[in-house]
Structures are given as structure tokens and as C-alpha cells.
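Just below is one structure, and these are the notes that go with it.
The values are calculated or read from the model by the stated rules, or taken from the named source; none is laboratory data. Here the structure is a predicted model, which means the values were calculated and not measured. We place every Cβ from the backbone using ideal geometry, glycine too, and count neighbours over all the protein chains shown.
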Ligand code: NDP
């Protein structure tokens, strides 16, 4: 039995109709009227779950000065944008970050087993600029957090940064042509330009399970791992304080897939409460050979890898696959299927059918893998994912399924219904109470909620225009960066740009480069304002609406944050897309756009 190689494709032909039926049945079990509202915000009784367990808050004086560029968020978006600005000679950059250091998601997510899901060589930004060689094909969280700090130090971003600080108000000051930034630490400073990198997945959420506030055991969310309680550390040391504990974990998404093996090894008993299984494909992590790396790392290497990954993964035409992982494998298969169609039969419907066949084949392999690894057939059956691979975040792991072979690990499947109740003593499913000492919420992060709620502030632009008002029917930008009515403000995120979800940092580094070019141009020519015209924003939105959307499984997808919990989000969903021609085409387009120096669609005043 091999746990690192996908079994070959099953010999029997795939019954497309039967699979579609099964997928719809499983989806229907999970659809619920309350959609995103099923989740709880961490407020009131739960506010303590948001406390920073890693860094004490240091007292400091409020800032009332002026900076050229202020950036909200010290994760990859802020780091790479600031780095590009510094490279362009703009040194006066202040990052405002709610955590105690740089890192964003990698600052907060220190749960055991956390590692990147996209290959380090393309996932970790600015490797060439900082001279770092990733140690593994998929680096673990401590290395990625250290890399964030390395970027901060390398580009001199620490001195001006404000940590443990949350922006509460961002308003455009028309008379002074700058932004006024107010924070929860009493700061009230101004910035000529602002960047927003608050990330799509940074507000942890809790499942709205009846009785959740009654549990009297120990509880925490995976994004604030309590090592003081569990023992161990983010480097993978055994969670030795759990040896006499009954531990429950709610959720089986990408986070749970990574931390369950560690809990399974350490806890006296582990109960994994499952609503929807993840698809878990082969990980095949391996160390990166320093000799190979130094031979390969000639100037420009990371850009070549980035372009190659995108070309393989998202609509390009690469013949070589440098990364070779689950993401590129799926895309290659789809492409191969399409290429087997005679040219005159490559219609949209035929291509979608070819995509569906490739997807079914892949998912059958992933389900066969469960049978090959999990010894108890009933448990194996429950761990199989019945949806198309991109309906939910695909997972890759070589010891998650194996964890269910350990005698102390119990899968408590809820058949799509979710946990019934939480009591002072534990968790109830199908009328059975599972007593627990510790309950861990691997219940994810807010995605489909309003920008203002996730960011913690509303942007107030020209003439008092609120971003929440401008975006009331959905996001409207040019390039996913500029919004009309909000001069000198830049959004750094994938949507309405390349929308390359398989490698989010690539979107961010490109945006950073674009922003630095525009800011340099404004400073060189003493322009006070940069703003997208209304016409250019409208034209970009019109272009986006020609996009066919993400090729997932559409309406038949099981609910999750990828599809607004299965609820029709109307225009907002149709706007949550990328450049219609695909990510590779977008990166080429934006490179030409900024190199031209004409910055079409923008006004510099
Ligand atoms: P997810 O939102 O993916 O998972 C939440 C889990 O909680 C789901 O399994 C969900 O079930 C379950 N759940 C919610 N409510 C209930 C309930 N009432 N009863 C039982 N179960 C419930 O969160 P994650 O933190 O796992 O991942 C979020 C995202 O973060 C990932 O998709 C990925 O983008 C990113 N991530 C990336 C990693 C990486 O790159 N290495 C690692 C970890 C996360 P259901 O599916 O039925 O809704």
C-alpha cells in the first residue's frame, strides 16, 4: 500500500449521470437557508478567542505624523507592495497590522502541521530578492513566517510599522489630497497613498451550533492555537499535554486536514466531527536539494517559475511543468482531454464536458485512495468526497487519511447535517454525546460577508462616498486595484485581476509592482492624485461580466465558501471573477499596461 502515489485510474468506465446524481444528493443534504448567517462572529462571549496568544501588546504613543504610503495589513499583500515601493525608492511606507508582527495568515495560523499547499518555489514571494532557498517543496508554517519577517527586515519595513493596531477609520481629505488614518491605538496620521491588503480569509468564524457558549472544557480556534494547553510547538513537537485528554475537532477543511494527524498522534482520544469530507490527494512533500537549487537559481528564476506555474495551471500553453503538483496535474489532464477533441468540435459545451470527465476521473482516483489507505471500510466510505474537485478547496496530505487507522481516532460523520448540539460536557451528534476535555474549532474564516465587516472599517472617499455604498451590488474596480471616487487608494488582492486562486501571492506581487510603478510616476511628476475614471471602471466591469466564471461544478457544487454557501449571490458572484482571458493573459496584459507608462483609464492630477 502506497500513501504517496495516486492509484491508477479505475478500470471501469465512469457513469457520468450516476455521479452527477450522487453529487446533487450530497449537495442537497447540505444546502441550508441561512447560508453564511449560520456562522457566529467572535464577539461578546467569544471575543477572547481572538486574543493574540503569541506576542504581548507593547505600549506606545499614538502617531499623528504624515507618511507617503500607509498599508493596511502586514501579510503578503502589504509586504510585497511595500517591498516593491522601497525598490522604487519610496521608503516612507508604514504598514499597520493587527497582529504582533508581519505575516498575516502565517502570523495567526501556527497550528501543528500548517504548511503551504502551493509549492514553496512559487508560493513564497520575493525569494530571489531576499536570497532565501525554501527547505521543502511545501514549506511548513514557521519557515513561511520567518520569511515574512525576512522580507520585513530586508526592505527596512519594521521601523515604521505599527503592530497590534487596527484601522478604524479611513477617510479621504479632499483639501489636503491625502487619507486620514485613525486606529484603535489613538493614531490619527495622514498618508498620501493607501494600500488595502486585509485578505479574504482573516476573520475567524465559529459554527452557529446550539449550546456553543455552554461548553465548560477548554476551547480555541485553530488560528489561535493554544500550545500552552496542548504542549508541543509549531515545528511539530508532540502535543504532549494532550496525552490524557479527549479532544474534539469541528471541521474537516484544509486546516483540519493538516492538524488532525498531529492531534491523532498525541491525544488520548480524538473525535473528528465531519459535515463534508475534503478531497485529499497525494502531497509528496520532499526537501529541496541545495545543490539542485543553486544550479537552477539563475537570475530571474522565480519569475520563470511563476509564469510556468500559471501557464500550466490557469489557461496558458506551457509544454514544460516545473512545479509538478496536484494543481498542475488537474489542469494538464483537463487540457489533454480538450486536445483530444477534433479542432472543429472544440465548442464550449464539448470543452466543459471534457473538463467534467477529467474531474470525474480525478475524483474517482481520490476516492480510491481513501479505500487504499483507510483500513475500516465504513470509515473509508464516510471520508469520500462527493463533489467536483474545485467545488471546495482541494487538499493534499500524506498522513491525514492514515490518522483514521489509529485506535484513538474516531470519525464522527454527521451525514452533511453538522454537529447537532454542544453541551457543557461535549458534542452531540445524532443524539449521542461525546464527552470532551478540549474542543478545537477548525471552522474557517469569513469570506462571503461584507467588506466593511471583514476589514473593520468602511472606506470614505471623495464627497463622503462610502465603499459599502459603491459596492452594494458587488465589487467594482479596474484591475481589482482602483475604485472610482477613492483616489490614491489601492486594493491588493486577486479578484477582478488575475484571480489566480491556486497561487494567491503571485497576484499580490504583480499588484505590488503595478502600484509601485504608478506611485513612482506620480511622485516624479509631482502629481497629488491618482484615480481611475468612472468610464474605465465601468468598462472593466463590463469586460469582467463576459467571463464564464470559475470552472468548478456550478450549481451542483456542495456548499462552502467557494460558492457563497450554495446561495445565489447574484451580480456580486458574477463580479467575483478574474480577467476573462485567464491569469496568464492578465499578467501579460498588466505588464504591458504599466510598462507603457500611459496608465490608460487613470487620471493623474
Ligand atoms: P474551511 O472553511 O475550509 O472549513 C471549515 C470546516 O468547518 C468545514 O469542514 C465545515 O464543513 C465545518 N463546519 C462548519 N460548520 C459546521 C458544523 N455546524 N458542524 C460540523 N462542521 C462544520 O476552513 P479551513 O480553516 O479549513 O480553511 C479555510 C481556507 O484557508 C482554506 O480553504 C484555504 O483556502 C486556506 N488554508 C490554506 C492552507 C494552505 O494553503 N496550506 C491550509 C489551511 C487553510 P462544510 O465543509 O460542510 O461546510
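A few points about this structure:
- Search result, residues across segment 234-258 that are closer than 23 Å to residue 425 by Cα and within 15 Å of the ligand (Cβ to nearest atom): 248, 249, 250, 251, 252, 256
- Helices (runs of 4 or more DSSP H) wholly inside segment 89-140 containing at least 1 residues that are within 16 Å of the ligand (Cβ to nearest atom): 105-108, 120-123
- Residues that are touching a helix residue (DSSP H, G or I) at 6+ places or on another chain (Cβ under 6 Å), crowded, with 23+ Cβ neighbours inside 10 Å and farther than 10 Å from residue 403 by Cα within segment 258-269 comprise just one, 267.
- For the residues 82, 77, the requirement of being over 22 Å from residue 301 (Cβ atoms), crowded, with 24+ Cβ neighbours inside 10 Å and touching a strand residue (DSSP E or B) at 6+ places or on another chain (Cβ under 6 Å) singles out 82.
- Where a residue in segment 254-277 is under 17 Å from residue 396 (Cβ atoms) and its partner, wherever it lies, is in a helix (DSSP H, G or I) and away from the ligand (no atom under 14 Å from the Cβ), with Cβ under 7 Å and at least six apart: 260/403; 261/403
- Residue within segment 48-67 that is out of contact with any helix residue (DSSP H, G or I) (no Cβ under 6 Å at 6 or more places or on another chain), within 12 Å of the ligand (Cβ to nearest atom) and either modelled with pLDDT under 95 or part of a helix (DSSP H, G or I) (or both) present: no
- Scan of segment 581-596 for residues that are at pLDDT below 95 and surrounded by fewer than 16 Cβ atoms within 10 Å (Cβ to Cβ), ordered by number: 581
The rows are residues; the columns are (1) in a strand (DSSP E or B); (2) at pLDDT below 95; (3) within 16 Å of the ligand (Cβ to nearest atom).
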position	(1), (2), (3)
539	no, no, no
547	no, yes, no
555	no, yes, no
562	no, yes, yes
598	no, no, no
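- Checklist (1) part of a loop (DSSP other than H, G, I, E, B); (2) touching a helix residue (DSSP H, G or I) at 6+ places or on another chain (Cβ under 8 Å) applied to residue 361, failing item: (1)
- Among the residues examined, residue 224 does not qualify as touching a residue at least 60 places away in the same chain (Cβ under 8 Å), more than 9 Å from the ligand (Cβ to nearest atom) and closer than 18 Å to residue 270 by Cβ.
- Residues being surrounded by fewer than 19 Cβ atoms within 10 Å (Cβ to Cβ) and away from the ligand (no atom under 16 Å from the Cβ) - total across segment 187-221: 5
- Only one of 353, 380, 372, 385 that is modelled with pLDDT of 95 or more and surrounded by fewer than 19 Cβ atoms within 10 Å (Cβ to Cβ): 372
- The condition of being more than 15 Å from the ligand (Cβ to nearest atom), within 29 Å of residue 561 (Cβ to Cβ) and over 21 Å from the mean Cα position of the chain (by Cα) holds for only one of 311, 264, that being 264.
- Helices (runs of 4 or more DSSP H) wholly inside segment 406-524 containing at least 1 residues that are touching a residue at least 60 places away in the same chain (Cβ under 8 Å) and away from the ligand (no atom under 15 Å from the Cβ): 451-455, 504-524
- Hits in segment 323-343 - residues which are touching a helix residue (DSSP H, G or I) at 6+ places or on another chain (Cβ under 8 Å), modelled with pLDDT of 85 or more and buried (at least 20 other Cβ atoms within 10 Å of the Cβ): 323, 328
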